[in-house]
Amino acid sequence: MKAKRQDIGLYELKRQLAAGVFAPLYLVVGEEAVLRDDAVAAIRAAVLGPDEDNVGAFNSDVVYGDETEAVEILTLCANLPMFGTRRLVVVKEVGALRARETERLLPYLEEPVETTCLVLTGGKVDGRLKFFQALKQVAVTVACAPLDARALPAWVQDQAGVLGLRLDEAARALLIEASGGDLGVLCREMEKLAAYVAPNTRVTAADVEAVQGADTGGSVHDLIDALQRRDRAGSLRFLGKVLDAGEPPLKVLGFLVACWRNMWRARKFSEEMLRDFELFRETDSRLKGGGGGRRKERLEMERLALKLCRGVGRATPSRPFASAR
């Protein structure tokens, strides 16, 4: 059996791409959606090059695992590039591909089209399936797991540099603390800061404090706030904005579970929390059950929000539900 390729991280991927090293197959997988998006964007830029003539639309396609079939993916991969040398095909939420569809993609792994770069991306994949086992042998796997606390400062500094910002140490620490380490929140906060301090580029802790809470888009923390107030309308509004911003439902559920678990550990528990943990467990099961696509996942999260706001009912778990993340 061919030896499994070593997984690489985002920085190593960008180093390889900058050196002109491309692969015909990439598996970009991990819980951190921001890192996955960054990886796919880097591959796109490297594969398609500068798009001064706006021809990228002719040479790139994006499909979703829960909405596509193998024949469509194979057809897109077989198309020849127009006005360029390479094509890019991205399959998002590849873990939602039905097992029989993944089987039909197996032959492609042996002979990928030379002029096409196929990128398969998602939060997680089923390693028991033959297709993903084979894919790991031949594709470059880019691991996008959540960053640990030690890696966050460097990541924040890099992202600030992309936006042309110069963060002092106090501002960086406050950003990380206020976001709870959520990369999506950090990105949105830094984008707000870039607009707030313009035309200047230096950011202080006072600037960070000034823009906190000004995000009309809402964050996971706004959602948690509304849920704890039993604000049904506010909970649905902030949930919708969080999901519209691209946060995966399972990740949002994971944040809720972590928040409730922290309250439990701080002995801020109540009988209602027992019911809440059971609701988390049921929602986790339904989300992982698959089928129905993003529309169904959104509906499940909306039902959860409404049930959490009722403040009634009982459940009987003996301990807090483990995180869905």
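The values are calculated or read from the model by the stated rules, or taken from the named source; none is laboratory data. Only a predicted model underlies this, so the values are computations on that prediction, with no experimental measurement involved. All Cβ positions, even for glycine, are placed from backbone atoms using ideal geometry, and neighbour counts span all protein chains on display. Accessible surface areas use protein heavy atoms only, side chains included; no ligands, DNA or RNA. Shrake-Rupley method; radii C 1.70, N 1.55, O 1.52, S 1.80 Å.
For region 139-225, what % of the accessible area comes from carbon and sulfur atoms, probe 1.4 Å? The C+S portion of the solvent-accessible surface of region 139-225 is 53 percent.
Using the 1.4 Å probe convention, the accessible area of the chain works out to 52 Å² per residue with neighbouring protein chains retained. With respect to the chain, whose longest principal axis is taken over its alpha-carbon atoms, helix 271-288 is tilted by about 10°.
To put it simply, the accessible area of region 1-136 at a 1.4 Å probe is 53 percent carbon and sulfur. Report note on the peptides 115-125, 101-111, 36-46: ranked by the mean count of other C-beta atoms within 10 Å, highest first, their order is 115-125, 36-46, 101-111.
Roughly how tilted is helix 293-310, in degrees to the nearest 10 and between 0 and 90, from the longest Cα axis of the chain? Taking the Cα atoms of the chain, the angle to 293-310 is about 10 degrees. Region 117-144 and region 29-52 have Cα centres spaced 16 Å apart. In summary, the aspartates and glutamates within cross-link reach of residue 288, defined as a Cα separation below 15 angstrom excluding same-chain residues under 8 places away, comprise 31, 66, 93, 126, 297, 300. Quick one: of 14/296; 136/192; 130/251; 130/241; 136/241, which pairs are farther than 32 Å apart, Cα to Cα? Correct reply: 14/296; 136/192; 130/241; 136/241.
Annotation: amide H-H contacts under 5 Å for residue 166 (H modelled 1.01 Å from N, sequence separation of 5 or more, or interchain): 202, 203. Compute the Cα gyration tensor for the chain, then decide on rounded, prolate or oblate, letting a ≥ b ≥ c be the square roots of its eigenvalues: rounded whenever a/c is under 1.5, prolate when a/b is larger than b/c in the other cases, and oblate in all that remain. Verdict is oblate for the chain.
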